[in-house]
Amino acid sequence: MSNLLIYTRHIPNGITLMNLLSGCLSIVAAFEGRLELAGVFIIISGVLDFFDGFTARLIGAYTQLGKELDSLSDVVSFGVAPAVILYHLLRQSLGLAPDQSIFDGHLLLLLPFAVAVFSSLRLGLFNIDERQTSLFIGLPTPANAFLIIGLVFGANSSWVNIYNPIISSSTVLIVLSVVQSFLLVCELPMFSLKIKSLKPAVAYKQLTFLVGAILLIVVFRKASLSLVIVWYVVLSVFYYLFDKLIKKQV
């Protein structure tokens, strides 16, 4: 029985390592130009990232090792993998030949990897920031990754006319890399999506987000992922300013 308990306690870590493997497969798919498949692997990583924490809480197997493995896996799945997707999109937008790269002087191709760098920084800060128990400070790395892969899904949907100008513009992609890097580490409080009560007075932020997200999914379907993340950021900014205004009046 004791051996069974020891093995059971490693289940969350096993799920975390599956998250890491899925992130690695996303990177491989991205370098092969199969960007939609790369996005699917990131979504799988997102699901596994949820279940490793859920399982750890369910069986009481939360450990320091699990915490460290989770961050290391997230750097790959939600930092490096989306950065490689951005890198591939930027290469395409610049019209570079397959044999042209960063090492041939195309230094603009470095910018997408700022997303990986700042994702790593954000995850490190999250681990030591005691303020982030009931909210987020800065955009969570999974949400940041979903915004990027949402562009790929949108460009392969019936809304291609909206998304193609975005992913085919090197200027937009460069600005996006910078803005996303900033959002990862900025001091903007972003509300947690966990609904602890169905009372509107308590969960009004989460319920407002949920209603908007459902409407976006119904209208845009496959092309909705990036829009849902933008909706989350806009709401977070709105409620941050609203809360500050209320505090001033009080």
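Only a single criterion out of (1) over 30 Å from residue 91 (Cβ atoms); (2) hydrophobic (A, V, I, L, M, F, W, C); (3) open to solvent by less than 40 Å² (accessible area, probe 1.4 Å) is not satisfied by residue 139, namely (1). Give just the number: which of (1) open to solvent by less than 10 Å² (accessible area, probe 1.4 Å); (2) part of a helix (DSSP H, G or I) does residue 183 not satisfy? Looking at each condition in turn, residue 183 falls short on (1).
In segment 198-250, the residue that is surrounded by the fewest Cβ atoms within 10 Å (Cβ to Cβ) out of those that are under 23 Å from residue 158 (Cβ atoms), without any contact (Cβ under 8 Å) to a residue 40 or more places away in the chain and out of contact with any helix residue (DSSP H, G or I) (no Cβ under 8 Å at 6 or more places or on another chain) is 218.
The residues of segment 92-112 that are open to solvent by less than 60 Å² (accessible area, probe 1.4 Å), modelled with pLDDT of 95 or more and in a helix (DSSP H, G or I), listed by number, are 93, 109. Does residue 117 meet the test of being open to solvent by 60 Å² or more (accessible area, probe 1.4 Å), modelled with pLDDT of 95 or more and either hydrophobic (A, V, I, L, M, F, W, C) or farther than 30 Å from residue 16 by Cα (or both)? Yes; evaluated as a whole, the condition is true for this residue. Of all residue pairs spaced 6 or more apart or on separate chains, those with beta-carbon atoms under 8 Å, a first member in segment 81-110 that is without any contact (Cβ under 8 Å) to a residue 24 or more places away in the chain and a second member that is in a helix (DSSP H, G or I) and among the hydroxyl-bearing types (Ser, Thr, Tyr) are 109/87.
Scanning segment 47-74 for residues that are in contact with a helix residue (DSSP H, G or I) (Cβ under 7 Å, 6 or more places away or on another chain), modelled with pLDDT under 90 and open to solvent by less than 30 Å² (accessible area, probe 1.4 Å) yields 52, 55, 56, 61, 66. On the stretch given as segment 197-228, residues that are at negative phi, in a helix (DSSP H, G or I) and basic (Lys, Arg) total 2.
Could we say that residue 194 is crowded, with 17+ Cβ neighbours inside 10 Å and either of a type in the set (D, E, K, R) or in a loop (DSSP other than H, G, I, E, B) (or both) here?
In short, no.
Taking the listed residues 122, 57, the one that is in contact with a Ser or Thr (Cβ under 7 Å, 6 or more places away or on another chain) and basic (Lys, Arg) is 122, with no other qualifying. Of all residues in segment 209-250, those that are in contact with a strand residue (DSSP E or B) (Cβ under 6 Å, 6 or more places away or on another chain) and either modelled with pLDDT under 95 or among the basic types (Lys, Arg) (or both) total 1. All conditions in (1) surrounded by fewer than 20 Cβ atoms within 10 Å (Cβ to Cβ); (2) under 20 Å from the mean Cα position of the chain (by Cα); (3) aromatic (Phe, Trp, Tyr) hold for residue 41, with the sole exception of (1).
Within segment 26-46, the set of residues being farther than 13 Å from residue 73 by Cα and of a type in the set (Gly, Ala, Ser) comprises 29, 30, 33, 38, 39.
The values are calculated or read from the model by the stated rules, or taken from the named source; none is laboratory data. Computed from a predicted structure; not experimentally measured. Cβ atoms come from the backbone with ideal geometry, glycine included; neighbour counts cover every protein chain shown. Only protein heavy atoms, including side chains, enter the accessible area calculation; ligands, DNA and RNA are left aside. Shrake-Rupley method; radii C 1.70, N 1.55, O 1.52, S 1.80 Å.
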